[in-house]
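The values are calculated or read from the model by the stated rules, or taken from the named source; none is laboratory data. Since this is a predicted model, take the numbers as computed values, not measurements. Here the Cβ is made from the backbone with ideal geometry for all residues, glycine too, and neighbour counts use every protein chain on show. Only protein heavy atoms, including side chains, enter the accessible area calculation; ligands, DNA and RNA are left aside. Shrake-Rupley method; radii C 1.70, N 1.55, O 1.52, S 1.80 Å.
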Amino acid sequence: MDARYCEAMPLSRRGLLGAGLSFFAWAHMPKIASAAGRRDPRFLTIILRGAMDGLSAVAPVADPDYAALREGMALTREGESAGLPLDGFFVLHPSMKTFARLYAEKKGLVIHAAATPYRERSHFDGQDVLETGLPGVGKVETGWLNRALLALPKGERLPQLGALGVGISTPLVLRGSAPVMGWAPQRLAETNDDLARRVLDLYTHRDPALARALKAGLTADDLARGGAAMAPGGGNPAMMARAATGAARLMMKEEGPRVAVLSFDGWDTHANQGGVRGRLADLLGGLDGAFAAVEREFGEAWKETAILVITEFGRTARINGTEGSDHGTATVAFLVGGAVRGGRILADWPGLKGPHLHEGRDLRATTDLRAVMKGVLAGHLGLSPAVLGETIFPGSGLVKPLPDLVV
């Protein structure tokens with residue numbers, strides 16, 4: 001096996017307010033605090049639905065088999081198809097300039113050749129495993145982040161609005177036993193009248209335009225006015241930064257959430273994926289714009305922020321006949337933020353030679369994505385390995401949290 005460890009040190013369902021937000025869900029959760037009650041961390045999870053191509057986002061240009069597998073789409077170190085330099089073995093897609101800067105500032109981290117335990121190729125099942133945190137497909141109504149929030153110590157603070165979900169429906173990763181209020185496409189769903197009044201009051205004072213829209217009835221088609229937004233297959237890159245801006249502004253309010261999930265669709269690039277330019281380049285640029293938006297809006301709070309970017313699985317190592325890539329296995333996860341111990345690529349690289357590929361077609365997974373999620377929850381939010389292995393990610397006791405992901 002050509003293995004190496006790389007660590008570089010140095011629709012009617014459209015977006016709310018035209019920002020690709022067709023459903024907001026707030027979970028009634030405790031505000032995060034450390035045992036001393038002094039920290040006020042922010043944690044944002046971004047889910048890229050459709051399976052993001054990690055071999056294009058962070059390309060292994062030094063792997064001798066990469067260029068031939070990606071003929072016509074491969075990134076290079078130099079020339080017209082050059083990526084942004086990372087560690088000599090990998091380059092970053094040139095659409096991700098903000099991430100490249102944050103990586104250089106040691107605030108961006110890449111985990112490559114990572115995947116959940118799921119090894120089939122169904123988006124629906126893959127997303128369920130990703131968001132439930134289970135070792136396989138199962139009938140579970142709760143997500144790992146919901147369970148993590150419920151496991152946090154309340155500290156000395158009274159429970160507050162602590163979690164925000166943005167997507168076509170409440171992201172599964174946030175679903176659970178907590179009371180939820182959501183903005184559905186056609187109406188304001190008030191599961192808690194007092195909660196609804198508090199949210200509307202917040203917007204009345206902080207964002208009068210949105211408050212008026214909410215009170216007017218929340219007809220999503222009237223609010224969207226702007227194309228496919230983040231509907232399945234839509235993948236409007238401009239909407240990502242707008243969604244991230246809105247979420248960040250809410251997370252910055254004293255009475256606002258400290259944990260959020262953004263769900264971005266459109267990453268299923270079977271055809272016309274492109275190389276340095278094209279559909280995937282536009283999507284990656286949109287994601288990069290979301291990073292920039294959160295950094296800008298958070299200001300001083302950025303130093304206590306971690307953003308985790310995950311997707312249900314990767315894509316095939318070899319491009320297909322329609323200049324795209326098909327459903328695969330391993331991919332990349334990104335971790336970015338002022339609290340991140342970055343400037344590194346974590347990769348037990350399996351190589352791209354035929355015998356080393358999963359089922360002869362996919363980048364083989366060498367890192368369990370649950371280890372990444374556990375590492376962030378342990379380091380950033382203080383959850384114990386026992387709780388993570390038994391409650392948050394059931395049946396994962398042998399999967400140890402990756403250490404030193406955050407400062």
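Here is a list of conditions, (1) open to solvent by 10 Å² or more (accessible area, probe 1.4 Å); (2) at pLDDT 95 or above; (3) more than 30 Å from residue 149 (Cα to Cα), and residue 2 meets all of them except one; can you say which number that is?
(2)
Inspect region 93-108 for any residue being open to solvent by less than 60 Å² (accessible area, probe 1.4 Å) and closer than 27 Å to residue 354 by Cβ and give the result as yes or no.
Scanning region 93-108 turns up at least one residue that is open to solvent by less than 60 Å² (accessible area, probe 1.4 Å) and closer than 27 Å to residue 354 by Cβ.
What number of residues in region 82-92 are part of a loop (DSSP other than H, G, I, E, B) and open to solvent by less than 40 Å² (accessible area, probe 1.4 Å)?
4
Residue 318: basic (Lys, Arg), open to solvent by 10 Å² or more (accessible area, probe 1.4 Å) and at pLDDT below 95, yes or no?
no
Of these, 334, 313, 291, which one is buried (at least 23 other Cβ atoms within 10 Å of the Cβ), of a type outside the set (Ser, Thr, Tyr), part of a strand (DSSP E or B) and assigned by TED's automatic domain parsing to the domain that holds residue 58?
Exactly one of 334, 313, 291 is buried (at least 23 other Cβ atoms within 10 Å of the Cβ), of a type outside the set (Ser, Thr, Tyr), part of a strand (DSSP E or B) and assigned by TED's automatic domain parsing to the domain that holds residue 58, namely 334.
Which one of these is assigned by TED's automatic domain parsing to the domain that holds residue 323 and in contact with a helix residue (DSSP H, G or I) (Cβ under 6 Å, 6 or more places away or on another chain): 275, 286?
286
Among the residues of region 350-384, which ones are open to solvent by 20 Å² or more (accessible area, probe 1.4 Å), touching a Pro at 6+ places or on another chain (Cβ under 6 Å) and not in a loop (DSSP other than H, G, I, E, B)?
If the condition is that a residue be open to solvent by 20 Å² or more (accessible area, probe 1.4 Å), touching a Pro at 6+ places or on another chain (Cβ under 6 Å) and not in a loop (DSSP other than H, G, I, E, B), then 356, 378 are the ones that fit.
Just to be sure I understand the filter: pairs with C-beta atoms under 6 Å, separated by 6 or more residues or on different chains, first member in region 131-147 and part of a helix (DSSP H, G or I), second member open to solvent by 40 Å² or more (accessible area, probe 1.4 Å). Which pairs pass?
Correct list of pairs: 132/140; 146/175; 147/391.
If I go through region 294-310 residue by residue, how many of them are part of a helix (DSSP H, G or I) and open to solvent by less than 10 Å² (accessible area, probe 1.4 Å)?
Residues in region 294-310 being part of a helix (DSSP H, G or I) and open to solvent by less than 10 Å² (accessible area, probe 1.4 Å): 2 in total.
Tell me, please, whether a residue that is of a type in the set (Phe, Trp, Tyr) and over 22 Å from residue 171 (Cα atoms) can be found in region 310-320.
no
Output the number of residues of region 114-142 satisfying the condition of being modelled with pLDDT under 95, out of contact with any Gly (no Cβ under 6 Å at 6 or more places or on another chain) and closer than 14 Å to residue 392 by Cβ.
1
Return yes when residue 360 is under 29 Å from residue 97 (Cβ atoms) and touching a helix residue (DSSP H, G or I) at 6+ places or on another chain (Cβ under 8 Å) and no when it is not.
no
Say we look at region 385-407 and pick out the residues that are in contact with a Pro (Cβ under 8 Å, 6 or more places away or on another chain) and assigned to a helix (DSSP H, G or I); which of these is surrounded by the fewest Cβ atoms within 10 Å (Cβ to Cβ)?
Among residues in region 385-407 that are in contact with a Pro (Cβ under 8 Å, 6 or more places away or on another chain) and assigned to a helix (DSSP H, G or I), the one surrounded by the fewest Cβ atoms within 10 Å (Cβ to Cβ) is 385.
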